[in-house]
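Visitor: Here's a structure for you.
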Number of protein chains: 2
Amino acid sequence: MTVTETTTTRAGGCAGPPQGNRRPDGQDRYTISEVAALTGLTAHTLRWYERIGLMPHIDRSHTGQRRYRNRDLDWLDLVGKLRLTGMPVADMVRYAELVREGDHTYAERFALLKATREDVLARITELQGTLAVLDRKISFYADAGRALASERSR
Amino acid sequence: MTVTETTTTRAGGCAGPPQGNRRPDGQDRYTISEVAALTGLTAHTLRWYERIGLMPHIDRSHTGQRRYRNRDLDWLDLVGKLRLTGMPVADMVRYAELVREGDHTYAERFALLKATREDVLARITELQGTLAVLDRKISFYADAGRALASERSR
DNA sequence: TAGGACCTTGGAGTGCGCTCCAAGCAAGGA
DNA sequence: TCCTTGCTTGGAGCGCACTCCAAGGTCCTA
């Protein structure tokens, strides 16, 4: 019977950590499910990342099963960060291609990262603006709540 | 021939303002295309927002055309802010329902806004973490670029 | 040697947030 | 009167980022 590959944490009501566990040290070969547990991604998503070119070549065992290494986990950490910025997967694939193409793409990678950095800064500013609006609304409702409460107690 | 309702700004390479224009004062009736220009949303999206219950009832002209009022634009401003936080449309619809249901939903609205506020704060923290990673990468590439340049000039 | 957990693949399906289409109505100018 | 422009509707389509399925092979423990 095929086991359903359930999503780790990240679903449901409670706020779990963004990724399951800390990486055990001294290890440098991980199965896909271990990586899923470590990153919070599903095995499906890991295979999909590979298919679309977002991952470098992943080592295989003699029977063809994936064996991820620490450098792959490092890459996934970066991908996770970039994903948080809202960067489209296609852009991350582009970055991955640049890395694969070698040292002569340093300048382009540099530019891409700087542009992303600017995006993140803009996003933070946006969110701070939104926070201000929320705070105004919240204090309005807090006041309204107090008014209703005092009305009820009268 | 039906005119194609092109998206205003927001597309393409250059970074325009998040919404087209400032609201003219003294006016309190706007056609859908005026609202599209003011908010940066398409007319399609405005109609869709109405269909899914994200908008309050919009006034109509004697021939059935939408006539938005300033309070509708205020609401759209809030929706725009909430959208920036990544709040799902379904949650915004829920908030809109609470508003329609009247004063006895103040407590729930308050809770929803506070939860959103927490999400936004968490998001900002995440982004700042990502910024740190980007800055490390960027300084790495800056150094690598300098090294390559000095190598070339040797 | 069995049994169950885990892995493989290509391709199809899902949910979200729009985005567009077709067919038609209404208003205003030449 | 015609023509253009802009508006109306329900429903279909799209792009993204997964998410899952079916059918089968492998690993591990007993």
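The values are calculated or read from the model by the stated rules, or taken from the named source; none is laboratory data. Predicted, not measured: the structure shown is a model, and the values here were computed from it. FYI the Cβ positions are ideal-geometry reconstructions off the backbone, even for glycines, and counts take in every protein chain you see.
Visitor: If residue A:21 satisfies every condition in (1) touching a residue at least 12 places away in the same chain (Cβ under 8 Å); (2) closer than 20 Å to residue B:140 by Cα; (3) away from chain B (no Cβ under 11 Å) but one, which is the exception?
Guide: It fails just one condition, (2).
Visitor: Right, here's the next one. Quick check on residue A:82: is it touching a helix residue (DSSP H, G or I) at 6+ places or on another chain (Cβ under 7 Å) and within 25 Å of residue B:145 (Cα to Cα)?
Guide: It is true that residue A:82 is touching a helix residue (DSSP H, G or I) at 6+ places or on another chain (Cβ under 7 Å) and within 25 Å of residue B:145 (Cα to Cα).
Visitor: Among the candidates B:148, B:131, single out the residue that is in contact with a helix residue (DSSP H, G or I) (Cβ under 6 Å, 6 or more places away or on another chain), outside the structural domain of residue B:56 (by TED's automatic domain parsing) and within 30 Å of residue A:102 (Cα to Cα).
Guide: Being in contact with a helix residue (DSSP H, G or I) (Cβ under 6 Å, 6 or more places away or on another chain), outside the structural domain of residue B:56 (by TED's automatic domain parsing) and within 30 Å of residue A:102 (Cα to Cα) holds for just one of B:148, B:131, which is B:131.
Visitor: A further question follows. Out of all the residues in the stretch B:91-110, which are among the small types (Gly, Ala, Ser) and at pLDDT 95 or above?
Guide: Correct list: B:96 only.
Visitor: Suppose we filter A:134, A:112, A:82 for residues that are over 17 Å from the mean Cα position of the chain (by Cα), surrounded by 14 or more Cβ atoms within 10 Å (Cβ to Cβ) and under 22 Å from residue B:85 (Cβ atoms); which single one remains? Quick ask: steps written out before the conclusion?
Guide: On the way: A:112 fails: under 22 Å from residue B:85 (Cβ atoms); A:82 fails: over 17 Å from the mean Cα position of the chain (by Cα).
Exactly one of A:134, A:112, A:82 is over 17 Å from the mean Cα position of the chain (by Cα), surrounded by 14 or more Cβ atoms within 10 Å (Cβ to Cβ) and under 22 Å from residue B:85 (Cβ atoms), namely A:134.
Visitor: Then there is this: Go through the stretch B:98-121 and report how many residues are among the acidic types (Asp, Glu) and within 19 Å of residue B:57 (Cβ to Cβ). So that I can check it myself, show each step before the final result.
Guide: First pass over the stretch B:98-121, keeping only residues among the acidic types (Asp, Glu): B:101, B:103, B:108, B:118-119.
Among the residues that remain, those that are also within 19 Å of residue B:57 (Cβ to Cβ) are: B:101, B:103.
Number of matching residues: 2.
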